[in-house]
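Asker: Supplied in structure tokens, the structure appears directly below.
The values are calculated or read from the model by the stated rules, or taken from the named source; none is laboratory data. Keep in mind it's a predicted model, so treat the numbers as computed, not measured. Note that each Cβ is placed from the backbone with ideal geometry, even for glycine, and that neighbours are counted across all protein chains shown. Side chains are part of the model used for accessible areas, which takes the heavy atoms of the whole protein and leaves out ligands, DNA and RNA. Shrake-Rupley method; radii C 1.70, N 1.55, O 1.52, S 1.80 Å.
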Amino acid sequence: MTSPTFLAEILTDFDDRISSEMNLDPLGLRVIWSAYGQKIFRNRISSISNDVRNYTLNLFNHAVTKALVEGDAVAPGKALLQNKAYAGQGKDSVAFKQACLIYLENVYVFAMVEAEAQTKLGVNTAGVLGISKARRRWQETEGQPRLLFSPEPRAHVLMRQNSLGVSGRYKTPLVEMGFFDSNYDYQLPVARPQWRRAQALLFDEGRRLAPLLSQVHAHVVELLAAARRDPEIAFGELPVELKEAFVAAFRSPAEVGTYARDFWLGVTELDQGAPGALYDVLKQEWQPDGQLQLRPSEVYARAAEFRPLTEGERDKIERVRVLEPFLAELDLLLGVMLSAKSQSLDAVLKLWRGLGRDGCTLPQLAAPIEADAAMRVQVTGTAAERLGELLALAKGNDEKKHVERLLKYHEKVMAARGQSPWLRLLNSRELKIDVRTRPLPEKDKRPVGSWVHQYYVPQFRNLLSGLRGET
């Protein structure tokens, strides 16, 4: 029987909704707003993939892996090829590719730890995935950690590294851009032009990553030739030039942005269409007289008018602007319900009205979503189901029914997760909550139409700051 641990290591597509859903999202709104947000960004960025250094490091590691897999002269030792983890497929197996990616991630993270320990100028370890665990391992081994070439967990520095490391967190964006599929097939028709583009702009002679690619490839070829099932080497045995070159190429997001900006803007197409309009707005923050840190609602409002867009691209922006005020009011209503350990439904309604809301608030905000059939069919699955339920609970002008329906909806969301609801209605009139209370906002700081979700604006801003060479 296949073990759950083995499956967890092979099925590596990372679902960044899980922890947020479980702990921070009692109405399950994330799956809705993220679906509409990703219609704009097309999974190029997310809450866990928005750092230009990690994008580029992942692509580099895949470029090395691709060269090893496709190189006829690369001959791993017989013991390695007989490893059952590779299922007789050798270099073509997903497990082999994962072993290579994990090995390269570990070489890099320990090289950064070493450079940090030597206080080399310009090294920025913020955002380096696995850096805390690597520091601990570095201390435990007195600066001589061992590097194992294997797909198994014992080769990992970061727990569940296939999912939580660079190759896991940044897998979806590269799949969506067409560099490979979920099984790391680099020879798909759609992948070939993408790799030619990367080769020309990043890896060809004269490009910044060309020398490093050559050094790393030569090192791994030598490592794989060892007559061992799981090739292993002490970090201190790695060529000093290789480690220094790795650090120099990826010392900071700003460093990477200096040579990878045009490539990533081109291949992601985030400077075109709807994301391009957001990009134009965010660029205004860079000007000496620009406003810093515009709110997401302001970014989207300006983007809607900033540049000529096709109807389809403009609709992506406008639908977010229609959706968020409705979701934000539902979040606020739940917040009112969670504002005291115990309160009556009448007390909830009094607080709701005290914030300037009434029985028309939810129906009015739901109306444009209800009227846009094309908007509703734009999402499917859980997102569509939940949005439909939320629109249904907002029908009519009876505030008490809105509260009761929202409570039942919350209970259903939590039951689907196998969790208890955060609040309960006793005797059909008294609310009891089982979590920490939420402070109510001041009325003038939370007008109707306010946003609470950010639709990837901070993540896009972070990516762009690296692309323009900022720390």
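To keep it simple, each residue is scored yes or no on (1) open to solvent by less than 60 Å² (accessible area, probe 1.4 Å); (2) in contact with a Gly (Cβ under 9 Å, 6 or more places away or on another chain).
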residue: L270; (1), (2): yes, yes
residue: A274; (1), (2): yes, yes
residue: R321; (1), (2): no, no
residue: W352; (1), (2): yes, no
residue: R357; (1), (2): yes, no
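Asker: Of the residues Q118, Q98, which single one is under 24 Å from the mean Cα position of the chain (by Cα) and either open to solvent by 10 Å² or more (accessible area, probe 1.4 Å) or not basic (K, R) (or both)?
Answerer: On the way: Q118 fails: under 24 Å from the mean Cα position of the chain (by Cα).
Only one candidate passes the filter, namely Q98.
Asker: With the checklist (1) closer than 20 Å to K316 by Cβ; (2) in a helix (DSSP H, G or I) in hand, flag the one item K401 doesn't pass.
Answerer: Here K401 meets the rest and fails (1).
Asker: Take the residues in segment 41-69 that are among the hydroxyl-bearing types (S, T, Y) and open to solvent by less than 10 Å² (accessible area, probe 1.4 Å), then tell me which one is farthest from G312 (Cα to Cα).
Answerer: To start, the set of residues in segment 41-69 that are among the hydroxyl-bearing types (S, T, Y) comprises 46-47, 49, 55-56, 65.
Those still in the list that are open to solvent by less than 10 Å² (accessible area, probe 1.4 Å) too: 49, 55-56, 65.
Values: S49: 25, Y55: 28, T56: 30, T65: 38 Å.
Here the answer is T65.
Asker: Restricting attention to segment 276-302, which residues are of a type outside the set (A, V, I, L, M, F, W, C), open to solvent by 10 Å² or more (accessible area, probe 1.4 Å) and not in a loop (DSSP other than H, G, I, E, B)?
Answerer: The answer is Y279, D280, K283, Q284, P296, S297, E298, R302.
Asker: Would you check if E305 is without any contact (Cβ under 8 Å) to a residue 24 or more places away in the chain, open to solvent by less than 60 Å² (accessible area, probe 1.4 Å) and part of a helix (DSSP H, G or I)?
Answerer: Details: without any contact (Cβ under 8 Å) to a residue 24 or more places away in the chain: yes; open to solvent by less than 60 Å² (accessible area, probe 1.4 Å): no; part of a helix (DSSP H, G or I): yes.
Considered against the rule, which asks whether it is without any contact (Cβ under 8 Å) to a residue 24 or more places away in the chain, open to solvent by less than 60 Å² (accessible area, probe 1.4 Å) and part of a helix (DSSP H, G or I), E305 comes out as no.
Asker: With (1) free of Cβ contacts under 8 Å to residues at least 12 places away in the same chain; (2) of a type in the set (A, V, I, L, M, F, W, C); (3) in contact with an Asp or Glu (Cβ under 7 Å, 6 or more places away or on another chain) as the list, and L362 as the residue in question, which single condition is left unmet?
Answerer: All conditions pass for L362, except number (1).
Asker: For a quick check of your reading of the model, give me the residue pairs whose first member lies in segment 40-59 and is closer than 13 Å to G127 by Cα and of a type in the set (K, R), whose second is part of a helix (DSSP H, G or I) and open to solvent by 10 Å² or more (accessible area, probe 1.4 Å), with beta-carbon atoms closer than 6 Å and at least 6 apart or on different chains.
Answerer: Listed by first residue and then by second, the contacts come to R53/P253.
Asker: What number goes with the only condition from (1) open to solvent by 30 Å² or more (accessible area, probe 1.4 Å); (2) in contact (Cβ under 8 Å) with a residue 60 or more places away in the chain; (3) not in a helix (DSSP H, G or I) that D72 does not pass?
Answerer: (2)
Asker: Find all pairs meeting these conditions: Cβ atoms under 9 angstrom apart; at least six residues apart or on different chains; first residue within segment 183-199 and closer than 21 Å to L209 by Cα; second residue assigned to a helix (DSSP H, G or I) and open to solvent by 80 Å² or more (accessible area, probe 1.4 Å).
Answerer: That search, which allows pairs on different chains as well, returns Y186/R192.
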